[in-house]
Amino acid sequence: MKGKMQKDQETKIKVTEQCIPETGTRRQRKHLNNTCKAMEEEGNKGRNKEIFSKVKEITRKFIPRMGSLKSRVGKVIGDKKGMKNRWKEYSEELHSEDKRIKKEQSDMTEYKMEPEVMEAEVEWAIN
């Protein structure tokens with residue numbers, strides 16, 4: 001009895017394993033068909049640049065990017081807590097006030113304001 005249950009489980013596993021790649025290939029075919037339809041529409045509109053970019057997207061080889069998160073000192077950060085802290089520091093640096101902007105704003109006070117445009121000047125420019 002134990003052997004029969006084991007065989008039933010093995011057949012279920014085999015059937016499931018066979019179905020998994022099929023769903024992946026079905027999704028891939030569906031994605032490619034949708035992309036081809038979009039390319040045909042772009043071709044009908046005369047947008048060759050978009051067509052070539054789609055072809056390049058489909059045919060290029062996937063190259064995963066292996067970036068690493070580094071601290072201010074340059075050491076690689078590996079743990080999640082350290083990464084979260086580094087992102088927090090980075091976002092705070094981005095949102096903090098920039099001293100250079102304050103300097104530029106103070107320089108603008110030296111310039112004189114131009115007089116407002118008069119209605120006669122607008123009429124002269126139009127005619």
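Please treat every number below as a calculation from the coordinates, not as lab data. Worth saying up front: this structure is predicted, and the values here are computed from it rather than measured. Cβ coordinates were reconstructed from backbone atoms using ideal geometry, including for glycine residues, and neighbour counts include every protein chain displayed.
For the cross-link pairs Lys14/Lys61; Lys61/Lys88; Lys12/Lys61; Lys30/Lys54, which exceed 24 Å when the distance is taken from alpha carbon to alpha carbon? Listed pairs above 24 Å: Lys14/Lys61; Lys61/Lys88; Lys12/Lys61. Under a 5 Å amide H cut-off, with hydrogens placed 1.01 Å from N, Ile77 pairs with Leu69, Lys70, Ser71 among residues at least 5 apart or on other chains. Modelled label positions at Glu41 and Arg26, each set 7 Å beyond Cα in the direction of Cβ, lie 2.4 nm from each other. Fewest neighbouring Cβ atoms within 10 Å first, the residues Met113, Met83, Met39, Met118 line up as Met113, Met118, Met83, Met39.
For region 9-62, the fraction of C-alpha pairs more than 16 angstrom apart is 57%.
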